[in-house]
Amino acid sequence: DEEEDKEEEEEEEEEEEEEEEEEVVKEAAKKKKYSRDGENPIPWFVAALSIPKKGDVDPNTRSARGPNTSSARDPNTSSARDPNEEIQQLDRDVRTWEKSFYPAKEFTVKNYTYTKPVSLDFPEYMLVSRNYYEKGWGLKTHRRLKNVIVTMDFAPTKAGLREVASEGKAFSFQQEAHLRRAFAGKEGGISLTELKEVLKAVDVDVENEGDDFLAGMHQEGNLNRDGSITFEDLKRMLTQRKFYRVQAGRYYVALSLFEAECMRAAIHLQSGIPLVPGRDTIAALTVGRTMLDFSTGYEPANSYQESTSRACWRFIDSQVNYIPSDLNLLLRALQVNDCEKRANFFVEVRSNRRRKQQDPSTTSVSKIFVTDNEHHLLQYRIATGRITALLKSRGMYPRDAFAAFDQNRDGLLNALDLKRGLDWLGLKLDKVLIQDFFREVDKDRDGFINLDDFKGSVGWKEEDDGADMRVSFKGAPVIPPMPTEGDKKLVVPIPESVLRGIKLKIKKVHKFNKVWDSKGSMSRHRAGVWEPVIASGALHKNRAFVTLGHYAVPEFANPNKDGKDRFSLEVTDTTGSFVGGSSWMPHVLGRYLPNPVRFRLAWSITHGSNPFYAWEPIPPSEKYVALGMVGSSSEKPPDVRVMRCISKDWVRDSKHVQSLWNDSGSGGRQGSIWVFNTLNLVGFVSGHDPPRQTPPDLKSRRFFLREYSDTKSQTAAAPKVG
């Protein structure tokens, strides 16, 4: 079934290309004084295909083919010869294929008497037969070019094939910055599920070759324990193009029709037996995506190498219409050439063919002439992969997402609609990335995209994922309604099933930034106040890490050095997923863990060279409490978003109140620093006496929201979502 689906897809792509080519136009080469001299076919031996390329190691001899030797040998002792000697003798008798084929990068045409012929650097495995086009012609005369109809894929020795990574360009500083923007909020790493969609977006055959590639990454230690990959590893992977594998020792040759006929006859004559007796040489003849014939033992290369060569031959054949995946492959193959050189080559070669001499900028091939290299499209492709992974995790087809995003029901989305929709689904993409993505999808540049545009960029064939998507729909969580334009705050009922699945637990803080220490305060005691550096939770987007206040130490050293743990709070929506995230999380946080409405100055140290201000958070109502406080070196109140309060239902009186520091000796207004609870959150008190009211502490270090809060009631006040 998979093979039939693949064949149907290829047929659809061919039909699409043919339809684009079906315009009724008069096609003709430019009028020139063309020459036909020296076009008689030059024969070569089929056995020549079995001779390894000079410098390559033959697995049958375990040595590289070097210069020909001239020593005579007794034919009666041929059976006892060293295999390497037999190859050298074969080279002398039939001449290597390197005498009949030359690299495609040396293919040039002659257009003007005093100009240098234009050539392009094509992949090393692409060759041109001298019978198709003798490279010396491009230096002397004008030649009307034949169409590239039949190509041959061959390997001198099947056992000698080895997979290597296709070479790629390194990222420039600006491109790396763009790539980081594409993964904004992914500091922890990108999940395996999302990675697969990103690989699909950059044209990796995940279904057929992705498992082997991911297994190799596991062996090389490039994946984290949870199966995610870090940004640096992903960047290295994209630079080294580890997922674009080619087979060294395999070649693709453009043949003349006469050569192709002879080669096909040779394959037929050797049906069921090796193409070259005693050798494991393999070969196949192809027209476009159709294989005409192949030799005994032939196996094709991976899809990347095969598809890349086909796209390059179509470019050399002056074809102007390409499907997006072929354009991407062509761009990767030609990116070592600058854009102007690619355009010049295409125009020069096309002028020698019977082709419509239209402006290339009006066709799909134009992207090759304006896009420097594959990295320039990388942001769009990564965004495509991330959006696709998100929709699948939500159990949403592209048409469902489009319908939800299209709030005015006009069948069109602008960039703002797209950003608001993705934000609603839990994917916070950078504004510039959204613009880049939208620019690629908006083909007619009218500022809007329709359903077909959207499906063409982030969609997949809905029938392809039928079983998987049915499972996703069955278990997909309810999504809150899309916010309408102009919403100041969003107050919606949260389903009881979501609330019952909210899990909370304390989380150890590992990183801190210093806010203040008592140096210069004239106090006789040492102390420091530190704020936590809380991870964004982007790796597991169904989780949120909540700051509940600052921490203090009775020294000047970092809190990590005193042997005491400090804790924040981790909130998890167990009904969400770590890829798709939780659209309900902002509403849960806003209802049960709101930001304070403001801060009140508890006390301050303003004399000396090191001022300090202690701030007490004011909860939105009596239904909430603050577990800790915050400090600053500025008299301006902190932003209310620096911490959150929590539901009063979750706390009890603290039994862990300890004095940590006071300002004895400073001579100013008295104040002291305390540890308020088992999370080791800081508390500030005016004076040196213990706080008048017992500070709160969590009832449990790990619990579900349903254990302490009424999940059925939606009557509680709903503070502004922060």
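The values are calculated or read from the model by the stated rules, or taken from the named source; none is laboratory data. Remember, predicted model here, so these are calculated numbers, not experimental data. All Cβ positions, even for glycine, are placed from backbone atoms using ideal geometry, and neighbour counts span all protein chains on display. Calculation scope for accessible area: heavy atoms of the full protein, side chains included, ligands and nucleic acids excluded. Shrake-Rupley method; radii C 1.70, N 1.55, O 1.52, S 1.80 Å.
Kindly provide the set of residues from segment 273-319 that are among the aromatic types (Phe, Trp, Tyr) and open to solvent by 20 Å² or more (accessible area, probe 1.4 Å), ordered by number. Listed by number, the residues that qualify are 294, 298.
Cβ-Cβ contacts under 8 Å between residues 6 or more apart (or on different chains), taken from a first residue in segment 338-361 that is within 17 Å of residue 132 (Cβ to Cβ) to a second residue that is outside any helix (DSSP H, G or I) and basic (Lys, Arg), are listed as 352/30; 352/32; 352/143; 352/144; 353/144; 354/144.
Looking at residue 170, is it modelled with pLDDT under 65, closer than 30 Å to residue 310 by Cβ and within 35 Å of the chain's Cα centre (by Cα)? Spelling it out, residue 170 is indeed modelled with pLDDT under 65, closer than 30 Å to residue 310 by Cβ and within 35 Å of the chain's Cα centre (by Cα).
Taking residue 600, is it under 18 Å from residue 567 (Cα atoms), charged (D, E, K, R) and in a strand (DSSP E or B)?
It is false that residue 600 is under 18 Å from residue 567 (Cα atoms), charged (D, E, K, R) and in a strand (DSSP E or B).
Give the number of residues within segment 583-604 that are under 17 Å from residue 534 (Cβ atoms) and at pLDDT below 90. The number of residues fulfilling the criteria is 2.
Has segment 376-393 got at least one residue that is in a helix (DSSP H, G or I) and free of Cβ contacts under 8 Å to residues at least 12 places away in the same chain? No, segment 376-393 contains no residue that is in a helix (DSSP H, G or I) and free of Cβ contacts under 8 Å to residues at least 12 places away in the same chain.
Condition first: under 19 Å from residue 367 (Cα atoms), polar (S, T, N, Q) and open to solvent by less than 20 Å² (accessible area, probe 1.4 Å). Can you find one or more residues in segment 447-458 that meet it? The answer is yes; a qualifying residue exists. Comparison of 570, 616 shows that the only residue that is closer than 24 Å to residue 424 by Cβ and touching a strand residue (DSSP E or B) at 6+ places or on another chain (Cβ under 9 Å) is 570.
Restricting attention to segment 601-649 and to residues that are among the charged types (D, E, K, R) and in contact with a Phe, Trp or Tyr (Cβ under 8 Å, 6 or more places away or on another chain), the residue that is most open to solvent (accessible area, probe 1.4 Å) turns out to be 635.
Table: residues versus (1) at pLDDT below 90; (2) touching a His at 6+ places or on another chain (Cβ under 7 Å); (3) farther than 18 Å from residue 290 by Cβ; (4) not polar (S, T, N, Q).
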position	(1), (2), (3), (4)
303	yes, no, no, no
313	no, no, no, yes
329	yes, no, yes, yes
332	yes, no, yes, yes
339	yes, no, yes, yes
348	yes, no, yes, yes
358	yes, no, yes, no
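Here residue 682 meets the list (1) open to solvent by less than 20 Å² (accessible area, probe 1.4 Å); (2) modelled with pLDDT under 95 almost entirely, failing just condition (2). Of everything listed in (1) at pLDDT below 95; (2) open to solvent by 40 Å² or more (accessible area, probe 1.4 Å); (3) touching a strand residue (DSSP E or B) at 6+ places or on another chain (Cβ under 7 Å), the single unmet condition for residue 652 is (1).
Scanning segment 136-159 for residues that are at pLDDT below 90 and over 23 Å from residue 330 (Cα atoms) yields a count of 9. Inspect all residues belonging to segment 496-512 and state whether any of them is buried (at least 16 other Cβ atoms within 10 Å of the Cβ), outside any helix (DSSP H, G or I) and either at pLDDT below 85 or out of contact with any strand residue (DSSP E or B) (no Cβ under 8 Å at 6 or more places or on another chain) (or both). Among the residues of segment 496-512, not one is buried (at least 16 other Cβ atoms within 10 Å of the Cβ), outside any helix (DSSP H, G or I) and either at pLDDT below 85 or out of contact with any strand residue (DSSP E or B) (no Cβ under 8 Å at 6 or more places or on another chain) (or both), which makes the answer no. The residues of segment 263-285 that are without any contact (Cβ under 8 Å) to a residue 60 or more places away in the chain and within 18 Å of residue 148 (Cβ to Cβ) amount to a single one, 264.
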